[in-house]
1. Report every pair of residues separated by at least 6 positions or lying on different chains whose Cβ atoms are under 7 Å apart, first residue within segment 353-366 and farther than 17 Å from GLU309 by Cα, second modelled with pLDDT of 90 or more.
2. Of all residues in segment 214-245, count the ones that are surrounded by 19 or more Cβ atoms within 10 Å (Cβ to Cβ), in a helix (DSSP H, G or I) and small (Gly, Ala, Ser).
3. So if I check each of PRO53, PRO59, which one is outside the structural domain of THR275 (by TED's automatic domain parsing), within 30 Å of the chain's Cα centre (by Cα) and at pLDDT below 90?
4. So, restricting to strands (runs of 3 or more DSSP E) that lie completely within segment 394-507, which ones have at least 3 residues that are more than 30 Å from LYS229 (Cα to Cα) and of a type outside the set (Ser, Thr, Tyr)?
5. If you go through segment 52-69 one residue at a time, how many are more than 28 Å from PRO151 (Cβ to Cβ) and free of Cβ contacts under 8 Å to residues at least 60 places away in the same chain?
6. If you go through segment 366-402, how many residues are modelled with pLDDT under 70 and surrounded by 13 or more Cβ atoms within 10 Å (Cβ to Cβ)?
7. Which of the residues spanning segment 574-606 are assigned to a strand (DSSP E or B), of a type in the set (A, V, I, L, M, F, W, C) and without any contact (Cβ under 8 Å) to a residue 60 or more places away in the chain?
8. Return the total of residues in segment 444-482 being acidic (Asp, Glu) and either on the phi > 0 side of the Ramachandran plot or touching a Leu at 6+ places or on another chain (Cβ under 6 Å) (or both).
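The values are calculated or read from the model by the stated rules, or taken from the named source; none is laboratory data. Computed from a predicted model, the values in this text were never measured in an experiment. Using ideal geometry, Cβ is built from the backbone for each residue, glycine included, and neighbour counts are taken over all protein chains shown.
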Amino acid sequence: MKKSIWRILTICIFSTLLFSSLLACNPDSDVPSGSDLEDQITAIIAKIDPATPSTYGAPEEIIDFGRDSVPIMLELLESPDLPSRYAAVYVLSRLAEPEDIPEMLVGLEDDDFGNRATIAATLIWLGDNSGIEILEAALLSDEVLSFSHPPELLADYARRVLDEAPQHLPSLPGFDRPGGAFLSAPLQAPLRDVTVELEDCTIKIVVNLQFVGAGATQALADSWAAGIKDMWEGVHCSVCCAISITVNTKVGGDPDEEYAQVTVIQMPHAGARHTSNMTLGGTVMEGGGVNNIVGEWDSNDTPAVAAHEVGHGMGVEDEYGEDGKPTGEAVGESEGDGVPSIMAQTWKDKEKQDTEAKARHVDQILAHHGIECPDKCGCIATPTPKFGEALAGFFVAFFEVAEDPGGHGPFTDLPIEQYLRVEVTDAIGPSTGDIAISAAAPFVPVYGTIVDGVFSATGVGTVAGFPNISVLFEGSITNPLAGVYTLGVNGGLPGGLAISYNVEGTKDAPLEEPEATEEPDEVVVEETQPVEEPETVSAMQLVETFSTELVNAMQSHDTTFLFDRLHPAVFDLYGEDACNVYLEGVAGYSQIVALDVQGPEAWTWEIDGVSIPLEDIYTIDVELTLPEGKELISVLHYALVDGELLWFTDCGEPLP
C-alpha cells in the first residue's frame, strides 16, 4: 500500500501535539503512561489509504480498545488529516456516551460531508438533535458516503438514520453497545461454502451462509437471502447459460463445516459505521466448489449489500475505486448509459433503476471455477431482455361498463377508447416488478406491482367532479392487455357504489416511439403532460390522501381509524392491547406534507432491536408539523395492503 511521507509526518506531528509529548515520536525516550495505546492508534490510522478501499476498515482495530480510546478520538476530530478524522467518527459512532456530546459537536463542522453526517447520526443516538439539519441536507445529496465499503449513497445513509428517529429522539434499543466485533471462536475451514456446477446449460449455484455474532437474526438472514437470490437469479454469462441460485442460511449454533461463516456485528444505531467484507473467491476445491470463505457484515447492511458481498464469495471483484467511484465498464452504467452494476454501487441511479448483476460478473464466476459453457447450449449474442422491456409500451384499449349499480356512467366522461401508457420496472426479480398505467384525463393513473404478467395497481384522483376517489385496476398483460378498471372502491362516489369497466387492449408502440395521432397538439397537452411521472403522481396522490386521513384521525381522536389502519406487523410485535392503550394517548401530528415518495418496495422495519422484513412499502420524505407548531423534515413508511395504506408506530414494550 502506498503511503504518503507527508501523511505519516502529519500524523506523527499531530500526535505530538495531541498527546502533549515529543516522546510520542521518539521511541528511544522514556514513554509516559498511556503512550502504548497512543502509538498503536497512530499506527492503525496510518494504514488508512483513501485510494485503497480495503483499508477503510482499519479503525475496527481501535474499537477493540474500548472506551480507553475515546479521549484520543475526541481530540482527533480537529485533526488536519482526513483519515484521522474519519477514524475518529468511525470509532465514536460505536463507542461514544452522552458525556462525550460537548466535545463531539466540533465534528458537525468537519469539511467532509460524510464525517459531519456520521457525527450528526451519533448525536441523535445519544439524545442530541444538533445535527438534524445536516442529515436533512444529506437526503438531497448525490454524493457517496466517504470511506464507505462497499460504497453507500450519502442520501441512503441519512434516510436510514432519520427513519430510526424521525420525529423525536427515541430511547436506545435494548441491546448492549458493542465494544468489539463479537467475533466467534476460531472456526474450521468450511468444505463447500459455494458450489458452482453446469447442468443442462444452467449454471447451478448453491451458497451456504451461517450467520454468527451479536447482530445475527433470522429476519436479517431471510432478508439477505432474498436479496441475493433476486440479484443473481436468471443472470446470463456473456454468451450463454443462466444462473439458478439456491441460498441456504443458518443463524447461530455450532460452526457447520459446509457453511461459510459470516460474523454479524450488532450496530448500536442506524448511523454507526462499519465496513463489511467477504473473502474473494475462497479456495477452489478439487471436484468443484470453494471453501475458506469468511465474512464480517453488520446489522445495518441491506439486501443489496449482501448480494454485493456474496458476489465476492463467488469470485467477482469490486468495480469501484477511490472515493467509491465506479471503474471500468461500470463507469458509463452508473452515469446513465445502461443499468448500474451491483459490484459498483448498491443504490438506484438517477433514473430510479435498481442495480443488477452483469454478464461479465457471471463470466468471472465461471472462470474462477474453471467452467465453460459448451456449444450445445445454443449461445446467444445478448442476454434475454427482462420481462418488463417486453410488456411496457403504448396500448390502444377499449373500455366497456361491466357493473354500474349507482348509475355513474354518464358522469365519469371516461372515453370508450383510451391510449394507455404502460411502464414496467424490473425492481424485484426476474418476473416481478412495478407497473404504472396512465392516460389522458379523466383516466386516473394507477401504480402497483406485476407478477408473471398479472398486475394489481391503485390510484387516487378526481372522478365526475368528486376528489380523492380510489381506483383499482387489476388484470393481466402480455399482448393483449385485459383487466377490470374500478372507480370508487373506497365508497367515495354518490351512494357509496363503485363503477367498473372491462378493459381490453393491444400494444400499438414501444414507449420510446409513441405513435402520432391526427391531432398531435391536443394529444401532447392531454396525454403527455399528465403522464410525465405517472408512478410519482399516482403514488403521491395515494400518500397525500392517507396522510390527511391520518392527521384528521389523530386530531379528532378517532382511535378506531388509527387502530384499523395499523399494519399487522405492529400488532405482532406489541399486541393489540398495548396498541389500544398507546392510541388513547397519542398526540400525533398537526400536518403531514409529503415531499417525495418512493416505492412500493421491500423494506426492513428496524425497531426495538427487532428487524422485520416487509413488502410493498412506500418510503416518504415528509415535512411534519407537531402539535406545538414545530416543523421538521423526516421519513415515514406506509404499507400498501389490499389497495389500502397502513401505518407503523411504536406501541411501547414488545411482547415477550
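1. From residues that are farther than 17 Å from GLU309 by Cα, there are no pairs.
2. The number of residues fulfilling the criteria is 5.
3. That would be PRO53, the only listed residue that is outside the structural domain of THR275 (by TED's automatic domain parsing), within 30 Å of the chain's Cα centre (by Cα) and at pLDDT below 90.
4. Those strands (runs of 3 or more DSSP E) span 417-425, 454-463, 466-477, 481-487.
5. Summing the residues that are more than 28 Å from PRO151 (Cβ to Cβ) and free of Cβ contacts under 8 Å to residues at least 60 places away in the same chain in segment 52-69 gives 1.
6. The number of residues fulfilling the criteria is 8.
7. Across segment 574-606, the qualifying residues are ILE592, VAL593, ALA594, LEU595, TRP603, TRP605.
8. 1
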